[in-house]
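The values are calculated or read from the model by the stated rules, or taken from the named source; none is laboratory data. The structure presented is a predicted model; accordingly, all values stated were derived computationally and were not measured. In this analysis, Cβ positions are derived from the backbone assuming ideal geometry, glycine residues included, and neighbour counts consider all displayed protein chains.
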Amino acid sequence: MFQIFFSTRGRMSRKVYLLFIILPLLSVYFLMGIFLGFFPERLDQMVILYLVFTVVAGWISVVTLIKRIHDFGKSGWYCLLSIFPYVGVLFLLIFISMPGNKGPNKYGPDPKGSRPG
């Protein structure tokens with residue numbers, strides 16, 4: 001799990017990337033909804049908890065984006081393009097929709113194993 005959530009080394013397939021982008025965000029909102037439902041009087045603590053979960057989910061999003069970029073054989077520094085309006089959205093859509101390089105590259109083996117033709 002450390003390799004998935006905290007290390008920027010390696011590559012990530014589209015399917016796994018989408019899973020690790022959507023899952024943390026949904027879990028943050030789900031947990032916050034439950035917490036607010038059971039403890040509405042503790043809004044100040046919920047805000048702190050929300051900020052902690054948001055930072056963790058943001059970190060997971062950045063790490064998985066870097067691994068997804070590695071699947072194309074590009075440097076993880078390309079993730080900085082995602083902070084620019086319009087260009088960032090286009091950049092993310094490209095990396096979500098296109099398959100990565102077939103076979104191993106300098107960032108590691110193919111995350112899908114050996115891909116046929």
With respect to PHE53, is the statement that it is more than 18 Å from PHE5 (Cβ to Cβ) and surrounded by 11 or more Cβ atoms within 10 Å (Cβ to Cβ) true?
no
Quick check on my filter: what residues within the range 67-111 are under 14 Å from LEU18 (Cβ atoms) and charged (D, E, K, R)?
LYS67, ARG68, ASP71
Of the conditions (1) among the hydrophobic types (A, V, I, L, M, F, W, C); (2) under 18 Å from the mean Cα position of the chain (by Cα); (3) farther than 20 Å from LEU19 by Cβ, LEU43 satisfies every one except a single condition; which number is it?
(2)
The residue that is surrounded by the most Cβ atoms within 10 Å (Cβ to Cβ), considering only those in the range 68-96 that are out of contact with any Lys or Arg (no Cβ under 6 Å at 6 or more places or on another chain) and closer than 17 Å to PRO109 by Cα, is ARG68
Taking the range 23-70 and the residues there that are free of Cβ contacts under 8 Å to residues at least 12 places away in the same chain and charged (D, E, K, R), the one that is farthest from SER97 (Cα to Cα) would be GLU41
Is the range 49-57 home to any residue that is of a type in the set (Val, Ile, Thr), modelled with pLDDT of 85 or more and in a helix (DSSP H, G or I)?
yes
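Tally the residues that are in a loop (DSSP other than H, G, I, E, B) and closer than 11 Å to SER13 by Cα, restricting the search to the range 63-101.
Qualifying residue count, the range 63-101: 6.
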Yes/no for GLN45 being of a type in the set (S, T, N, Q) and farther than 27 Å from PHE91 by Cβ:
yes
If we keep only residues of the range 9-34 that are under 18 Å from VAL55 (Cα atoms) and over 11 Å from the mean Cα position of the chain (by Cα), then the residue surrounded by the most Cβ atoms within 10 Å (Cβ to Cβ) is VAL28
Sole exception among (1) out of contact with any Lys or Arg (no Cβ under 9 Å at 6 or more places or on another chain); (2) on the phi > 0 side of the Ramachandran plot; (3) touching a residue at least 60 places away in the same chain (Cβ under 8 Å) for GLY113, by number:
(3)
